[in-house]
Amino acid sequence: MSSARTLACVVVLAVCAMSLGANWLAPAGYAQQFREAPSAPPSHKHLLGTDEIGRDRFARILYGTRISLLLAPAAALVSTVLAALVGGLAGYLGGIWLRLARAFTDLFLSLPWLFLLITVRALLPLNVSPLTSVLITFLILGLLGWAASARVLSTSAEALRNSDFILQARASGLRDPRLFFVHVLPNLKPVLYAQFWISIPVFILSEANLGILGLGVAEPLPSWGSLLRELEGLISFREEPWRLVPLLLLIVVLTSFQLLLSNEEVTA
Amino acid sequence: MMGRRVFLRLLLSVAVVSLALASSSAFAQNGGELRFCLHSEPKTFDPVLVDDDASLSIRYLTGGVLVRSNRRTQELEPELAESWKVSNDGKQITFKLRHGITFSDGSPFSSEDVAFTMQRLMDPALHSSTGDAFRSGNGAVSSKIIAPDQVSITFPAPLAGLERLFDQVAIMSAHSPKKEAAVLGPFMVAEHKAGSSLLLRRNPNYWKKDSQGRRLPYLDSIRLDIQSNRDVEMLRFKRGELDLINVIDSDFFDRLAASSPGLAHDAGASLDSEFMWFNQGASAPIPEYKRAWFRSTNFRRAISQAINRDDLSRVVYNGHAQPGVGPVSPANKFWFNSKLKAEPYRPDAALQRLQADGFHLQNGSLFDKGGNAVEFSIVTNAGHKPRERTAVMIQQDLGKLGIKVNVVTLDFPSLIERISQKFNYEAAMLGFRNVDLDPNGQMNIWLSSAENHAWNPQQKSPETAWEAEIDRLMRAQASTTDPKKRKESFDRVQEIAAEQAPFIYLVNQNALSAVSSTVAGANPGILHPQTFWNAERLTLNPTTRASR
């Protein structure tokens, strides 16, 4: 393991550990409003100050990290499984299936994502708890985010379909389902891993985009998206540099995710 | 002798210098280009069809009106009309027009233009929202040209506050081939780059002069950049690229006030209010037990008492807002019912009210008499930070009573669809941007049959006694021209609104604006257009004029 990957691994683990220990590190909680001290600068009581309605920013970052880091990989897993099924199968079957799948994924990719997300979000029931809303948000992201990965996977699966070992296995009398699940899918593993790791930051950023529009995770639950919204209207960074912490954390974690990819996965 | 000569020379020098100063002072008042932003593309330049903020601003700057409501004093002042008279029955108004006025294209102004404008305004095919305010009853509105400088307009039924409505009526030319491009206001549209900017140039034929006989406006032009992003607008103002911001938020106001105190203006409580309401519609797709809560006066009053409005004003608006009292802001000097006070924060009293309705606390959660946990959602528009913060603070306030509130932010079209078409919501929070001082502007909210009777719209007959009483009072105030009787009726409407709390008024934001030090003569007020209501008298300093 290269030193960069080791460092990335340490960073991701440290961030995960801190977010998991949020209850202990930030006992004030993410929702409590200290109304006598809105937009307060960092102090002994509030390490990173408070937000506009007096909530402890450090606590919100820790809890927001927990949510984004837990649910973005879950959404990535959903989208990668869908991509493997659609793209992998179409690539393996080839012919009309491949053409159909590509046409479908192209159509899906051409849809205006953001408007689609806004529409789907607006159709959801209103009276759901913040926790349910965050689960729904990431599930929607996972269900809508498979198309790009499916396109990559269909190309890789198509190459595998014409490879010598698949031809030989087919000649030996192996049937399609066994061929696909036992021989094709395992050989797509590097591509699947790469797509999985790449999807995580994409979903974090997507949720952040929705959050910036006010359509992400429901209040009072924090997420990186809602934390980044605080930067809206920030005219001078010099006045309140501590407000940049969520952005820095996002950059550090996303960079670490990229560094965690192996050479093989990067090539894939 | 010598001394006398020196004295004469001195006198001559003083005279020359005085003349030079006088001429430079006159020069200092003329010319230059004022710059500020519109937040969206104007939908129309036709003054009759104006329905959006951007078009409203253009109409204000380019349109000539018969009478104008002074944005500072709230008094009505003569403009194109020298005088006017409303008949005793309140059905007719007669205007005496000024002489020698021409439109920007040189065509003369006369009573024919007023009649033509009224005819267009009341044309049912045009669906003019400005014209809607004049629809007093069944029947046609007729205009009679008495003389080139005199015109009377007759309405089928009495219209209360009739003369004030003409503040919004920009007179169009009956004969000019340029139609809406021929204007009587201080500026005229010279250039329009769709989606980018508008250039208004001085109307060379504008009729008004200042006290020293100089023709107004002082400015050569106004450039209006179309910029929807408020943050970009504020950055450009800080960089000196813009001269005015009509409405700024409290965060930016405080930052600007800290760095450049002279540029930030707080004109006090505005007419705008923030409020929430519960869905009481009989056909709304919500559970019956929740409809019963929302229809209970005790429940609504308890929610109102459990909201800490002082905290909302202080935290969300940084102190630049006043706790909301009712449908009329205290800034509306004549119509506000001064007996009313904002609902004080009293969570104990709120709990008592709820207990009177059979609600009870159990393990920190509130339940109704049927055993249903009290939980509801508040919808508001996504991206409106003060409203989102307000909702979260209400969530915490009501949480102290054991009520669970889910805050849902939706994009604006989805929100409007839910609250005005599908009625699929429980509680909603929005703001009311009031541009009309007269209560007639609120008829479409308070009448139980109205579409905008938000909590239970389009009722065939009033479903509650208090709504029937409001209907009666609103119609009574609209059908008399006696200001005292009208005030009495509308005061009572405000009292019923406070007793029944169909709308829970939260705050009246202050009118916050920014005016660059390059601009002289600005006197920001609370009424639209806050910073440029006296645009014809605004001037720029010589350095700015030279650079533009």
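Give the aspartates and glutamates reachable from B:Lys487 as a straight Cα distance under 13 Å; neighbours fewer than 8 places away on the same chain don't count.
Partners found: B:Asp438, B:Glu495.
Which net charge results when you count Lys and Arg as +1 and Asp and Glu as -1 among the other residues whose beta-carbon is under 15 Å from that of A:Leu210?
Values: positive: A:Arg121, A:Arg229; negative: A:Glu207, A:Glu219, A:Glu232, B:Glu388, B:Asp411.
Charge balance in the 15 Å sphere: -3.
What distance in nm separates the simple spin-label points at B:Asp89 and B:Leu235, each placed 7 Å from Cα in the Cβ direction?
Placing both labels 7 Å along Cα→Cβ, they lie 6.2 nm apart.
If we sort B:262-271, A:199-208 on the protection proxy, mean other Cβ atoms within 10 Å, highest first, what's the order? All intermediate terms of the calculation are to be shown ahead of the outcome.
Working: B:262-271: 19.3, A:199-208: 22.6.
Result, highest mean Cβ count within 10 Å first: A:199-208, B:262-271.
If one computes the Cα centroid of segment B:405-479 and of segment A:46-91, what distance in Å separates the two points?
Using only Cα atoms, the two centres lie 40 Å from each other.
Between B:Ala190 and B:Glu288, 0.36 nm times their residue separation minus their Cα-Cα distance comes to what?
Working: separation 98, 0.36 × 98 = 35.28 nm, distance 5.83 nm.
Additional length available on full extension: 29.5 nm.
Which pairs break 27 Å Cα to Cα here: B:Lys333/B:Lys485; B:Lys193/B:Lys238; B:Lys144/B:Lys209; B:Lys144/B:Lys179? Could the numbers behind the result be given before it?
Values: B:Lys333/B:Lys485 17 Å; B:Lys193/B:Lys238 24 Å; B:Lys144/B:Lys209 30 Å; B:Lys144/B:Lys179 21 Å.
Cα-Cα > 27 Å for B:Lys144/B:Lys209; rest within.
Exactly which trypsin sites (Lys or Arg not before Pro) in segment B:118-203 are in a DSSP loop and have at most 16 other Cβ atoms within 10 Å? It would help to have the intermediate numbers written out before the result.
On the way: sites: B:Arg120, B:Arg135, B:Lys144, B:Arg164, B:Lys178, B:Lys179, B:Lys193, B:Arg201, B:Arg202; in loops: B:Arg135, B:Lys178.
Qualifying residues, ordered by number: B:Arg135, B:Lys178.
Cβ neighbours within 10 Å, averaged per peptide: list B:488-496, B:274-282 in order, most packed at the top. Working shown, then result.
On the way: B:488-496: 19.3, B:274-282: 21.9.
Those peptides, ordered most packed to least, come out B:274-282, B:488-496.
Using the membrane-span-like helix rule (whole DSSP H runs, Cα extent along the own axis of at least 27 Å, mean Kyte-Doolittle hydropathy at least 0.0), which helices of chain A qualify? Please list the in-between numbers first.
Working: long enough: A:57-83 (37 Å, 1.26); A:189-212 (34 Å, 1.05).
Long hydrophobic helices here: A:57-83, A:189-212.
Let me check I've understood the local charge: for A:Ala169, count other residues with C-beta under 15 angstrom from its C-beta, Lys and Arg +1, Asp and Glu -1. What total comes out? Kindly include the intermediate steps, with their values, before the conclusion.
Working: positive: A:Arg161, A:Arg170, A:Arg175, A:Arg178; negative: A:Asp164, A:Asp176.
Surrounding charge for A:Ala169 is +2.
Within 15 Å, Cβ to Cβ, of B:Thr154, how many net charges do the neighbouring residues add up to if Lys/Arg are +1 and Asp/Glu are -1?
On the way: positive: B:Lys85, B:Lys91, B:Arg135, B:Lys144; negative: B:Asp89, B:Glu163.
Combined, the nearby Lys, Arg, Asp and Glu give +2.
Ordered by packing density, taken as the mean number of other Cβ atoms within 10 Å over each peptide's residues, highest first, how do B:341-353, B:104-116 rank? Present the calculation step by step, with values, prior to reporting the outcome.
Details: B:341-353: 16.9, B:104-116: 19.5.
Highest-to-lowest ranking by the protection proxy: B:104-116, B:341-353.
Using a Cα-Cα cut-off of under 14 Å, which aspartates and glutamates could be cross-linked to B:Lys208, ignoring same-chain neighbours fewer than 8 residues away?
B:Glu77, B:Glu79, B:Glu82, B:Glu536
Filter the cross-link list B:Lys460/B:Lys484; B:Lys369/B:Lys404; B:Lys290/B:Lys385 down to pairs whose alpha-carbon distance in this structure exceeds 20 Å.
Details: B:Lys460/B:Lys484 31 Å; B:Lys369/B:Lys404 17 Å; B:Lys290/B:Lys385 28 Å.
Checking Cα-Cα distances, B:Lys460/B:Lys484; B:Lys290/B:Lys385 exceed 20 Å.
Values in this text are rule-based calculations from the coordinates and carry no lab data. Just so it is clear, the structure is predicted and the values come from calculations on it, not from any experiment. Neighbour counts run over all protein chains shown; Cβ positions are idealised from the backbone, glycine included.
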